[in-house]
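These notes concern the structure reproduced below.
The values are calculated or read from the model by the stated rules, or taken from the named source; none is laboratory data. These numbers were taken from a predicted model, which means no experiment stands behind them. For neighbour counting, all protein chains shown are included, and Cβ atoms are generated from backbone atoms with ideal geometry for every residue, glycine included. Ligands, DNA and RNA are excluded from the accessible area calculation, which covers all protein heavy atoms including side chains. Shrake-Rupley method; radii C 1.70, N 1.55, O 1.52, S 1.80 Å.
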Amino acid sequence: MKMNPIKLRENIYWVGGIDWNLRDFHGYLTQRGTTYNAYLVIDDKITLIDTVREYLSQELIERISTLVDPSKIDYIITNHVEMDHSGSLPKIIELAPQATIFTSPQGEKGLNAHYKNDWNIEVVKSGETLSLGKKSLQFLQTPLVHWPDNMVSYMPEEKILFSNDAFGQHISSSERFDDQYPLDITLEEAKKYYANIVLPYGKQVKKALESASQLEIEMIAPSHGLIWRKNLPTILEEYKKWSGNETEEKGVVVFDTMWGSTGKIARSIQKAFENQGIKIAMRNLKYNHISDVMTEVITSKYICVGSPTLNNGILPSVSSFLTYMKGLSPKERKGLAFGSYGWSGESVGVIEEVLRDCGFDLIEQVRLQYIPDDSSLNEIEEKIKESI
Ligand code: FEO
């Protein structure tokens, strides 16, 4: 049975792979699976833009084969070396050994380091154009969106931006375009993707958005999820907000609890914020994956983190979240550390140190012993009212 390609425009097709069962993408819970989008341009030069993860290479080859003989591929564009996009290169080159790979200077280094092969690689830089015949591709380097090698390819004749990781979402579906799939889910997954993959590189995203704003774009074809052809202004506006660290006047309370006392403090903090008219999302780490918590963090101004003291430190679930969040490096937030303790009581200090390392402005901490009584819980409200 042949797998079908999907037409984007005349002689331009999606030929990627659908990873229906993927639930973990380097620690990120991908509850909707994902796609690895590769695109085939049929012109004087048969051109493949990116490939798919190695284990879906047969799917890619079958989709290409319904359109052209894969051995006829002339050009391969490697916008990004990470193996979800380059993993099928060895199989494609086996079929089309004459093909030339076009990639960024860092891309060339990355391909050599990953595959140690004698492939025909040609380095391209920002502003360079490659003619495919009637159509062409202009390259724009976008380092660190997501790796140092990243670049995007723009086809001026069709006004399509092949954006690789940028603007992606981890969604597996038969639908290929944003107007065929519920927009609220696509935007939520784009937000989760930004929060868990792109967030550390906000500055670079801003720069890339500035360069892209010079281009006339009718379609953004990313390397994961749905292709944007209808809601471009919406996703571009969201990227502008996320890369500019724009938050909403809302907060998230992230915590774990041992005997329920830190949970009581968490609920009092929730009430205190809500009484100030600030919405709060409660995220108990026993029931929420850290990658889903990050989707809240991306738009929240107040990040409250709580743990009881365990063995002079914090609970492993909270430690895992803090390590993850610090790596993703959200900026311009206000942090609040809280927790209960029995005797030594180090947890709140440990949390505060990480929030400080994240560069957050700190709100006065809440640290209560054993089972907090009503009067100490009520004091939290006053404290928060004064310090936010
Ligand atoms: Fe989808 Fe950075 O790879």
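Quick rundown of the values:
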| item | result |
| --- | --- |
| Criterion: in the same structural domain as V145 (by TED's automatic domain parsing) and not in a strand (DSSP E or B) - qualifying residue of L40, L56 | L56 |
| Sole exception among (1) under 24 Å from K331 (Cα atoms); (2) among the polar types (S, T, N, Q); (3) within 14 Å of the ligand (Cβ to nearest atom) for S211, by number | (3) |
| Residue, nearest to I197 (Cα to Cα), within the range 274-316, restricted to residues that are touching a strand residue (DSSP E or B) at 6+ places or on another chain (Cβ under 9 Å) and hydroxyl-bearing (S, T, Y) | S291 |
| Any hit, the range 100-114, residues being in a loop (DSSP other than H, G, I, E, B) and under 13 Å from V15 (Cβ atoms) | no |
| Matching strands (runs of 3 or more DSSP E) fully within the range 119-189 where at least 1 residues are within 16 Å of the ligand (Cβ to nearest atom) and either without any contact (Cβ under 8 Å) to a residue 60 or more places away in the chain or surrounded by fewer than 18 Cβ atoms within 10 Å (Cβ to Cβ) (or both) | 136-141 |
| Enumerated helices (runs of 4 or more DSSP H) restricted to the range 221-319, each holding at least 2 residues that are closer than 18 Å to F360 by Cβ and in contact (Cβ under 8 Å) with a residue 40 or more places away in the chain | 261-275, 290-297 |
| Selection within the range 61-77 - in contact with a helix residue (DSSP H, G or I) (Cβ under 8 Å, 6 or more places away or on another chain) and under 14 Å from V41 (Cα atoms) | I64, P70, I73, I76 |
| Residue match in the range 212-232 (condition: at pLDDT below 95, in the same structural domain as G17 (by TED's automatic domain parsing) and crowded, with 19+ Cβ neighbours inside 10 Å) | yes |
| Selection from the range 353-382 of residues that are free of Cβ contacts under 8 Å to residues at least 60 places away in the same chain and open to solvent by less than 60 Å² (accessible area, probe 1.4 Å) | V354, L355, C358, G359, F360, Q365, S376 |
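Listed here are the residues, each with its yes/no results for (1) farther than 23 Å from N150 by Cβ; (2) basic (K, R); (3) over 29 Å from the mean Cα position of the chain (by Cα); (4) more than 15 Å from the ligand (Cβ to nearest atom).
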site	(1), (2), (3), (4)
E54	no, no, no, no
E59	yes, no, no, yes
R63	yes, yes, no, yes
V68	yes, no, yes, yes
K72	yes, yes, yes, yes
N79	no, no, no, no
S86	no, no, no, no
I92	no, no, no, yes
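Conditions tested, residue by residue: (1) in contact (Cβ under 8 Å) with a residue 60 or more places away in the chain; (2) open to solvent by less than 60 Å² (accessible area, probe 1.4 Å); (3) of a type outside the set (D, E, K, R).
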| residue | (1), (2), (3) |
| --- | --- |
| E10 | no, no, no |
| I18 | yes, yes, yes |
| Y28 | yes, yes, yes |
| R32 | yes, no, no |
| T35 | yes, yes, yes |
| V41 | yes, yes, yes |
| D44 | yes, no, no |
| I49 | yes, yes, yes |
| Y55 | no, no, yes |
